[in-house]
1. Tell me, which helices (runs of 4 or more DSSP H) lie completely within region 237-313 with 2 or more residues that are modelled with pLDDT under 80?
2. Kindly establish whether L179 is in contact (Cβ under 8 Å) with a residue 40 or more places away in the chain, in a helix (DSSP H, G or I) and surrounded by fewer than 21 Cβ atoms within 10 Å (Cβ to Cβ).
3. Do we have any residue at all in region 97-105 that's at pLDDT below 80, surrounded by fewer than 19 Cβ atoms within 10 Å (Cβ to Cβ), among the charged types (D, E, K, R) and outside any helix (DSSP H, G or I)?
4. Identify all residues within region 34-85 that are exposed (fewer than 12 other Cβ atoms within 10 Å of the Cβ), more than 18 Å from H122 (Cα to Cα) and not aliphatic (A, V, I, L, M); write none if there are none.
5. For region 154-163, does any single residue satisfy the condition of being under 25 Å from V303 (Cβ atoms) and not in a helix (DSSP H, G or I)?
6. Looking only at region 304-332, count every residue that is crowded, with 21+ Cβ neighbours inside 10 Å and touching a residue at least 12 places away in the same chain (Cβ under 8 Å) and tell me the total.
Amino acid sequence: MSAPAAPTAADRRLWARYLVNERAEARVYTELAARKTGEERSILLELAAAEGRHEAHWLTLLNGEPARLPKPDLRTRALAWMARRFGTIFVLALAQQAEGRSPYDTDHAATPAMRADEKIHHEVVRGLAARGRRRLSGTFRAAVFGANDGLVSNLALVLGIGATGVVPQFVLFSGIAGLLAGALSMGAGEFVSVRSQRELLAATEPNGYAYHVLPDLDLDANELALVYRTRGMGHPEAMASARRMVEAAHDGKAPAPIVEGADATDVVGRAWSAAASSFLFFASGAIVPVLPWIFGLSGVTAVVLALVLVGIALLATGAMVGLLSGGPPLRRALRQLLIGYGAAAITYALGSLFGVSMG
């Protein structure tokens, strides 16, 4: 067998870049772990330790610490910066995408174990990010959709009314009225929606109203097993669980509660929080297209500025949804922009047609 080829200068530069990136990623996980407790903290520290093992591999190939090291990739540096300043949910969502694009898949200098580690890291980070997404889901959904609805609906409103040729003050008043009406409607609708969903879920949760009759049930033939079967247990397992509970009741022990599913608050969030978020974020979105008229602009200048401001906001909300959902942020941002501008274009055309017909 021929001896392996000596590493080239390009190889060493690439390995040095891998080295500093592994160190930076380990710091990201350490920074996040410092803000957590319990199991999540332990998981993040173990991820940091795994990055340390990868770092040791590249140090071995480089025969020790190089005299000069490159800076980590911009993506990795950005993650480290955000880990010190922003919430863990946002950073973990970005880290999930980063772990899914490992360069080790095509680099033979990386060991199979390292390539496997990166795949598993992606799943681990996805799981950690999913925990945060579940905690945030109700309020975040109300906030994002509230802001997006405010942007699109009020932009369509002011452009549609402005296209009829009315005076700028009327456009301004219409925009403010649309902001207040829409924000109140969104807040009330979100409150009713979340409260109704929580009540619906609460109605399906098990209760202990029949626990007091357990001592009177026959040990071998009782309908308690049917309760367990309605909760997904097979017949033998349900019979065994029912027998254990009735035996405990005969012995005078308090019955263990039957646990089923997640708490309604974890699933849909809190009604008041969702309503407040929906109101505030709709209002914050709806004020954006009205800003040019608030500052005294009118005509084409106001329309163009409103389109630019709303476009920037739509791109930002779309990208944020993409990042937090683990999807491609650019595609989500462009989708939000096209939907918003499409709605505005239709209402502007209708307003122009109405203005011409009235003229």
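1. Once the helices (runs of 4 or more DSSP H) in region 237-313 are filtered for at least 2 residues that are modelled with pLDDT under 80, what remains is 264-268, 271-286.
2. Taking the combined requirement at face value, the residue does not satisfy it.
3. Looking through region 97-105, at least one residue is at pLDDT below 80, surrounded by fewer than 19 Cβ atoms within 10 Å (Cβ to Cβ), among the charged types (D, E, K, R) and outside any helix (DSSP H, G or I).
4. Listed by number, the residues that qualify are T37, G38, T60, N63, G64, E65, R68, K71, R85.
5. Yes: one or more hits.
6. 7
The values are calculated or read from the model by the stated rules, or taken from the named source; none is laboratory data. Since this is a predicted model, take the numbers as computed values, not measurements. Don't worry about glycine lacking a Cβ; one is built from the backbone with ideal geometry, like all the others, and counts go over all protein chains shown.
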